[in-house]
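In what follows, a single structure is set out as structure tokens and then discussed.
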């Protein structure tokens, strides 16, 4: 998605050849600094790249890039989350290049998704009116599909909590799971109990998956029927 407003964000973002370290978990950074062999260093870098790619695929991070071949008048593009989720995408971390979805991108840079809500709001078609409309369908939603063990899935209860949070502040739709998880879990156990589910907190990884599904539903249908 090209947008002239992305130029400043692209200029301020971290190049891909540094982003794998900059946005990696602190624990992995510490291990990388303490590594005493090239083999260990390479293994840790691979792990950190995987973590950053996961965050990009779930929308916690965003990537801007220049599409190749560059043409006069072209603008910086915001790469879609799915390009990082696809196994067919080729990522050249060292040279900050990506090939995927039939396109090739250069000078790829990564930034936090916080603050990127405004330029995407038109594309996602999300606003307070839509959020309010979604609430009516979510309040009457079924518990959802069962797990392989016969227990109800957690998405229906999570979706209800997410919707209530977004009614308060629609910008939360792009907040990373790592930042949202504590606030989310202040409400989730009560909601889960009300729906006959186990009263337990969701971990960050599960919340990340639910956030991704919630965003996709909003983007694709404008509802969560």
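Summary of values
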item: Residue 201/residue 71 FRET efficiency (R0 41 Å; Cβ-Cβ; nearest 0.05); result: 0.25
item: Relative contact order computed over region 6-112 (Cα-Cα under 8 Å; 6+ residues apart), in percent; result: 35
item: Ranked 89, 190, criterion: other C-beta atoms within 10 Å, fewest first; result: 190, 89
item: Order of 88, 17 under a 10 Å beta carbon neighbour criterion, fewest first; result: 88, 17
item: log10 of Debye I(q)/I(0), alpha-carbon scatterers only, for region 6-112 at 0.14, 0.15 Å⁻¹; result: -0.54, -0.61
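Every number in this text was worked out from the coordinates using simple rules, so none of it is lab data. Small disclaimer: the values here were computed from a predicted structure and weren't measured. For neighbour counting, all protein chains shown are included, and Cβ atoms are generated from backbone atoms with ideal geometry for every residue, glycine included.
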